1. For region 1-110, run through the GluC sites (Glu not before Pro) and keep only the ones in DSSP coil with at most 11 other Cβ atoms within 10 Å of their Cβ.
2. Measure nothing fancy, just the Cα-based angle from helix 32-41's long axis to the longest principal axis of the chain, in degrees from 0 to 90, nearest 10.
3. Keeping all protein chains in the complex and leaving out DNA, RNA and ligands, what accessible area do you get for Ile84 with a 1.4 Å probe, in Å² to the nearest 10?
4. What whole number of Å gives the distance from the Cα centroid of region 87-109 to the Cα centroid of region 122-142?
5. Note down the relative contact order for the chain as a percent, whole number, built from C-alpha pairs under 8 angstrom at least six residues apart.
6. Return the Cα extents of the chain along principal axes one, two and three, sorted largest first, each rounded to a whole Å.
7. For region 19-146, what is the accessible area per residue in Å² when the probe is 1.4 Å?
8. How much accessible surface area, in Å² rounded to 10, belongs to the heavy atoms of Met145 with a 1.4 Å probe?
Amino acid sequence: MISDTHGLLRPQAVEALAGVDHILHAGDVGDPGILDALGEIAPLTAIRGNVDVSGICAELPPTEAVELGGRLFYLVHALQDLDINPSAAGVAVVVYGHSHRAEVAERGGVMYLNPGSAGPRRFSLPATLARVTVGAGGVQAQIVML
């Protein structure tokens, strides 16, 4: 899981994503070349964020649902724009970005995962992404510092 690249795909992010089965980008891509580069690593599902206002990035959907490992993941860039009841919809993980703050939390039986920002550093927050494992024991998430 990656978010808020803002036009910068760090080599450390490419390295951290190597070998994954699928990549989810939670918006603020910033440069369509990032979509191409991530798509070379693994199948990619991406949504647009508030900075994706022109070109191919602006054509990305604002939300997306994807089933991975038998679990439903729902992507939305800003959590305040969540337009469904994840628990009622059978969503296992809500993946979001926007705040640049990495977070893994559980609310009402749903994991809320913000991989943080993998792009240019903002505020005093570290550059991060997340790796997720789906297995018989459920969904496990780990924040990766870049």
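1. On the way: sites: Glu15, Glu40, Glu59, Glu64, Glu67, Glu103, Glu106; in loops: Glu59.
Counting only loop positions with at most 11 other Cβ atoms within 10 Å, the GluC sites (Glu not before Pro) in region 1-110 are Glu59.
2. So the inclination is approximately 60 degrees.
3. Its accessible surface works out to 60 Å², give or take rounding.
4. 11
5. Details: 355 pairs, mean separation 33.7, N = 146.
Relative contact order for the chain comes out at 23 percent.
6. Largest first, the chain extends 34, 31, 29 Å along its Cα principal axes.
7. Details: 6160 Å² over 128 residues.
Result: 48 Å² of accessible area for each residue.
8. 120
The values are calculated or read from the model by the stated rules, or taken from the named source; none is laboratory data. Model, not experiment: these values are computed from the prediction. Note: ideal-geometry Cβ built from the backbone for every residue, glycine included; neighbour counts use all protein chains shown. Only protein heavy atoms, including side chains, enter the accessible area calculation; ligands, DNA and RNA are left aside. Shrake-Rupley method; radii C 1.70, N 1.55, O 1.52, S 1.80 Å.
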